Amino acid sequence: MQKLKSKQNDKKHTIFLNHRQLINKAYAAGVPNYEIYELKSQLFHFQPKIAQDLKKRKRKLNEVENNESEDTILNYLEQLSDVKVDNMSPLPRYWEEKYGLPQMHGSNMSGQFQKYQTEEKTFIIPHATRFYNNNVDQLTTLLPQLLPSYDIIVIDPPWRNKYIRRLKRIKHELGYAMMDNEQLALLPLNQLTHERTLVAIWCTNSNLHQTMLETELLPRWQLRLLHKLRWYKLNTAHRLICKLNQTDATQKQPYEHLYLACHAQSDGAYAADLQQTEFLLSVPSIVHSHKPPLLDWLRPHLQLEQDQVEPNCLELFARYLQPQFTSIGIEVLKLMDERLYDQVIKRS
């Protein structure tokens, strides 16, 4: 994780999240000198479509005004190190295979990686993870098995959108089950938060979804908006994956939105500094909806109990496992397929 300073406002900054590095670091933490697993680098290989040097990139981006701030995204991109982009052999798209695991739950507190095997696949289970392969719309039935509240809750809702509908027409396994806003509103989030909980919600660029989230879902969940920011997606050379389009918001954009919320009765003062983060940047996974981990960024803003060492975290609609998290979703192990990882020896 890298903190990039604003050139216009010394209080503002942007966070660059190295998705692969953060996951690999989390998986190795607390594991002694054993064989460990790291995400394959091919999963984060976005070859630039057109080679451009920095000056050309600056001219291209300066053609578009960013109405959001005096700082353009270019100010931050220039602070990132140049990356040599090597050719890589493509990885077979294992994540597009049929998933098909039954309703189940599990955990791993052994201090090392474990495996769960089916007739077709082997899934790796990192240390300090808990999971429920359950439909999130049945969350109420899981409440007796969950903690009374969590310090961090991450939600990546399956918003209804045209892209997913197209995927499902091509191949059913490529699209997850979408939920309408009323179904999302019924999630019992108010029973899983305390007055210092941070809730992170990923949202599409749809104005309809954003308005619904701000005006209906957050109040129904008894949450209050703390901050809204953009997650910009970069290719392997640390350039935007596509052009910014300020004239037509319905066109493809190189970003999605992240909402940060707190309990409705909290003043949110403990997390006020998060409002100084203008953007998030990362090279995304080539797997659809494989979001970057947020724990390292959010951890310093938590107020844990006096004797609490690690935060209790919850992720809904999860597609992979994270240490310190209870992960829930109907594809919760989808991206834990052993074939997406390299096995390496951890050395002290």
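The values are calculated or read from the model by the stated rules, or taken from the named source; none is laboratory data. What you see is a predicted model, and the numbers here were worked out from it, not measured in a lab. In this analysis, Cβ positions are derived from the backbone assuming ideal geometry, glycine residues included, and neighbour counts consider all displayed protein chains. When the accessible area is computed, the model is the full protein with side chains, heavy atoms only, and any ligands, DNA or RNA have been set aside. Shrake-Rupley method; radii C 1.70, N 1.55, O 1.52, S 1.80 Å.
Brief remarks on what is shown
- Sub-9 Å Cβ pairs linking a first residue in region 15-34 that is closer than 15 Å to Arg299 by Cβ to a second residue that is open to solvent by 60 Å² or more (accessible area, probe 1.4 Å) and not in a loop (DSSP other than H, G, I, E, B), at least 6 apart or interchain, are Ile15/Gln2; Ile15/Lys3; Leu17/Gln2, ordered by first then second residue.
- Criterion (over 22 Å from Asn108 (Cα atoms), open to solvent by less than 30 Å² (accessible area, probe 1.4 Å) and part of a helix (DSSP H, G or I)) met by exactly one of Leu298, Leu335: Leu298
- Residue within region 223-232 that is out of contact with any strand residue (DSSP E or B) (no Cβ under 9 Å at 6 or more places or on another chain) and either closer than 22 Å to Thr14 by Cβ or not charged (D, E, K, R) (or both) present: no
- In region 261-281, residue nearest to the chain's Cα centre (by Cα) [restricted to those that are of a type outside the set (A, V, I, L, M, F, W, C), assigned to a helix (DSSP H, G or I) and farther than 16 Å from Trp231 by Cα]: Asp273
- For region 87-114, a tally of residues being open to solvent by 50 Å² or more (accessible area, probe 1.4 Å) and assigned to a loop (DSSP other than H, G, I, E, B) returns 14.
- Subset of region 123-155 [over 17 Å from Ile330 (Cβ atoms), assigned to a helix (DSSP H, G or I) and open to solvent by 50 Å² or more (accessible area, probe 1.4 Å)]: Pro144
- With respect to the stated conditions, Leu280 fails to be touching a strand residue (DSSP E or B) at 6+ places or on another chain (Cβ under 7 Å), over 19 Å from His238 (Cα atoms) and among the aliphatic types (A, V, I, L, M).
- Checking each residue in region 1-14 for being without any contact (Cβ under 8 Å) to a residue 60 or more places away in the chain and in contact with a strand residue (DSSP E or B) (Cβ under 8 Å, 6 or more places away or on another chain) picks out only Lys3.
- Filter pass, Glu120 being under 23 Å from the mean Cα position of the chain (by Cα), open to solvent by 80 Å² or more (accessible area, probe 1.4 Å) and at pLDDT below 95: no
- Tallying residues that are modelled with pLDDT under 85 and either in a helix (DSSP H, G or I) or of a type in the set (A, V, I, L, M) (or both) within region 40-73 yields 12.
- In the set (1) open to solvent by 20 Å² or more (accessible area, probe 1.4 Å); (2) closer than 22 Å to Glu331 by Cβ; (3) in a strand (DSSP E or B), the condition left unmet by Leu258 is number (1).
- Just one of the listed residues (Pro311, Pro292, Pro323) is in a loop (DSSP other than H, G, I, E, B) and under 13 Å from the mean Cα position of the chain (by Cα), namely Pro292.
- Matching residues in region 3-36 - criterion: being surrounded by 13 or more Cβ atoms within 10 Å (Cβ to Cβ) and part of a strand (DSSP E or B): Leu4, Lys5, His13, Thr14, Ile15, Phe16, Ile36
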